[in-house]
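Have a look at the structure below, then the notes.
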Amino acid sequence: MIRDQYTFINPVELYNDIEPSAQHQQEPGLDAELSPRADLGEKTYRGTGRLTGRKALITGADSGIGAAIAIAYAREGADVALSYLPEEQADADRIATLVRDAGRTAVLLPGDIRDHTFAEKLVEDAARGLGGLDILVNNAGKQVWNDDLEALTVEQFESTFTTNVFAMFWISKAALKHLVPGATIINTTSVQAYKPAGILVDYASTKATINAFTKALAEQLAPKGIRVNAVAPGPIWTPLQVTDGQPQEKIESFGAETALGRMGQPAELAPAYVFLASAESSYVVGETINVNGGMPTP
Ligand code: NAD
Ligand code: MG
């Protein structure tokens with residue numbers, strides 16, 4: 001291993017070899033077709049037993065941030081159920097192999113979480129496959145840019161809200177019967193919740209909703225010993241960004257607005273999700289960890 005996440009390194013220069021230019025894929029896109037490839041921590045994430053014996057369901061676990069979380073969780077000793085869309089089987093198979101290489105169980109659960117019935121079945125299948133459930137990461141998301149409200153279709157608005165908000169609600173609700181004291185729910189929100197872009201009216205609105213949902217549910221579940229928190233990524237190199245997440249002419253300067261002056265990689269998100277899942281964060285409730293390269297948020 002050349003380096004791991006503990007190696008002393010200049011964060012400005014880290015990843016200066018990953019400089020993508022404009023490219024496009026159909027939704028939901030594949031990590032396998034990103035050029036250059038994103039860093040999911042395959043070669044760098046080193047586990048130290050922080051999630052030994054834990055059982056995690058991660059949505060959107062085939063690629064991007066969710067895949068980096070799956071790799072990290074497995075190397076920290078957790079068994080992992082991976083939720084993703086059927087079109088993403090190739091990406092999911094690769095991540096499942098990495099989970100198994102870490103000596104952990106991978107449960108593969110393809111399907112569309114916009115379907116209420118599937119979303120509930122997903123949780124049951126995950127709990128059955130893992131023999132319980134004590135970490136839920138709601139990370140799947142839809143982001144399609146649109147700069148004209150009159151052209152923003154009701155179908156897109158609904159689909160963005162169903163994927164990002166309703167599915168999180170259905171999956172969290174179904175998970176409750178399995179979650180024991182000590183269990184954690186972690187939601188993926190975004191810097192867009194605080195700094196909404198004019199081209200992401202629907203998406204940014206879902207992320208602000210996720211923030212409020214996280215804090216309200218955290219207050220409700222804390223007395224039961226279940227902690228709910230969120231992670232708010234900034235600009236991260238993932239398939240979301242090349243499947244109309246933003247106009248392609250913006251890819252080359254993606255992340256330039258951050259204090260570090262670069263986009264982030266999915267591998268840089270995983271440690272925040274490990275911390276919030278582990279009992280290390282036992283007194284952290286209703287919090288949002290911003291991992292955004294330096295974009296001050298309220
Ligand atoms: P990604 O494309 O790798 O992951 C998103 C995943 O969502 C897909 O892999 C897919 O499996 C899943 N998904 C989408 N629609 C689904 C559906 N209907 N049914 C089942 N699964 C579905 O991109 P990512 O950037 O890693 O996104 C992960 C999360 O991070 C999202 O919630 C996104 O909003 C959030 N986020 C990303 C960025 C960024 O810059 N990439 C910034 C802030 C927040
Ligand atoms: Mg994907």
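Coordinate-derived values only; no laboratory data. Quick caveat: nothing in here was measured; it's all calculated off a predicted structure. Note that we place each Cβ from the backbone using ideal geometry, even for glycine, and neighbour counts take in every protein chain shown.
Tabulated values for the structure
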quantity: Structure-based [θ]222 nm, the chain - -39500 (n - 2.57) summed over DSSP H runs of at least 4, per residue, nearest 500; calculated: -9000 deg cm²/dmol
quantity: Rg over Rh, two decimals, the stretch 104-237 (C-alpha only, Kirkwood Rh); calculated: 0.99
quantity: The stretch 169-216: Cα Rg divided by the 2.2 N^0.38 Å rule of thumb; calculated: 1.38
quantity: GNM result for the chain, Cα springs below 10 Å: residue of N164, N138, N146 fluctuating most strongly; calculated: N146
quantity: Surface/4 estimate of mean projected area, convex hull on alpha-carbon atoms of the stretch 48-291, nm²; calculated: 12.4
quantity: The stretch 91-224: relative contact order as a whole-number percent, Cα under 8 Å and 6+ apart; calculated: 26
quantity: Percentage relative contact order, the stretch 194-263, counting C-alpha pairs under 8 Å, at least six apart; calculated: 20
quantity: Order of Y203, Y283, Y45 under a 10 Å beta carbon neighbour criterion, fewest first; calculated: Y283, Y45, Y203
quantity: Segment V180-A259, length gained on full extension (0.36 nm per residue, minus Cα span); calculated: 24.5 nm
quantity: Axial C-alpha extent at least 27 Å, average Kyte-Doolittle at least -1.0 - helices from the chain (DSSP); calculated: 201-221
quantity: Segment E19-K224, length gained on full extension (0.36 nm per residue, minus Cα span); calculated: 69.2 nm
quantity: Candidates V285, V123, V154, ranked by Gaussian network fluctuation over the chain, Cα under 10 Å, top entry; calculated: V154
quantity: Cβ-based net charge around N10, under 13 Å, with every Lys or Arg adding one and every Asp or Glu removing one; calculated: +1
quantity: Spin-label pair V285/E252, simplified geometry with 7 Å Cα→Cβ offset, distance in nm; calculated: 5.0
quantity: Order of M168, M295, M263 under a 10 Å beta carbon neighbour criterion, fewest first; calculated: M295, M263, M168
quantity: Set of lysines near K173 by C-alpha distance (under 16 Å), chain-local residues within fewer than 8 positions excluded; calculated: K121, K215, K224
quantity: Gain upon complete extension [K43, R128; 0.36 nm per residue less C-alpha separation]; calculated: 27.5 nm
quantity: Ranking of Y84, Y273, Y6, Y194 by count of other Cβ atoms within 10 Å, fewest first; calculated: Y6, Y194, Y84, Y273
quantity: Environment charge at L57 (Cβ cut-off 14 Å; Lys +1, Arg +1, Asp -1, Glu -1); calculated: +1
quantity: Net charge of neighbours whose Cβ lies under 9 Å from the Cβ of V144, counting Lys and Arg as +1 and Asp and Glu as -1; calculated: -2
quantity: Exposed trypsin sites (Lys or Arg not before Pro) absent - longest run of the chain, DSSP non-H/G/I/E/B, at most 12 other C-beta within 10 Å; calculated: 44-176
quantity: Relative contact order (%) - the stretch 48-291, alpha-carbon pairs under 8 angstrom, separation at least six; calculated: 20
